[in-house]
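The values are calculated or read from the model by the stated rules, or taken from the named source; none is laboratory data. Keep in mind it's a predicted model, so treat the numbers as computed, not measured. When we count neighbours, we look across all protein chains shown, and the Cβ atoms used for this are built from the backbone with ideal geometry, even at glycine. In case anyone asks, the SASA skips ligands and DNA or RNA and just uses the protein heavy atoms, side chains included. Shrake-Rupley method; radii C 1.70, N 1.55, O 1.52, S 1.80 Å.
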Amino acid sequence: QVQLVESGGGSVQTGGSLKISCAASPGLFIRSAMGWYRQAPGKQRELVATMPRGNPPFYPGSVRGRFASSQNRAENTMDLQMIDLKPQDTAVYYCHPVPPRNYWGPGTQVTVSD
């Protein structure tokens, strides 16, 4: 069974920065492309970073230039560095395969205030 545990979230002011992390089951990054998703209350989950196997990550326009995802396959970890955070970035963030599968971790809350 896949295990995914996110950490590092918190509360920051607009314009601040955070780095969140993910610990995954051994070998998952070898078998699957990975991504970062986020979900705010009352809104659909959205993909904010995609890390294709063997290719650089890419991002939607809403976060491009502000978010940077990295992956350490040897350590089975992922990081998402976020800068210039905005209130609309407030959400629970998840690391998860792309395309999505059935097992989700607890997520980590990121809150950005004015």
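What the table shows:
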quantity	calculated
Ratio of the Cα radius of gyration of the chain to 2.2 N^0.38 Å, where N counts its residues	0.99
Accessible area of the chain divided out per residue, in Å², using a probe of 1.4 angstrom	52 Å²
Highest-fluctuation residue, G65, G16, G42 considered, GNM on the chain with Cα pairs under 10 Å	G42
Distance-filtered residues of the range 12-42 - backbone nitrogen under 19 Å, label point 7 angstrom along F58 Cα→Cβ	32-38
³J(HN,Hα), Karplus 6.51/-1.76/1.60, whole Hz, each residue of the range 89-99, x for Gly, Pro	7, 4, 4, 8, 9, 10, 9, 5, x, 10, x
Gaussian network model of the chain, Cα within-10 Å springs - most flexible of R38, R101, R66	R101
Accessible surface of the chain, 1.4 Å probe, proportion on carbon and sulfur as whole %	50 percent
Counted charge near G16, where neighbours are those whose Cβ lies closer than 13 Å (Asp, Glu -1; Lys, Arg +1)	0
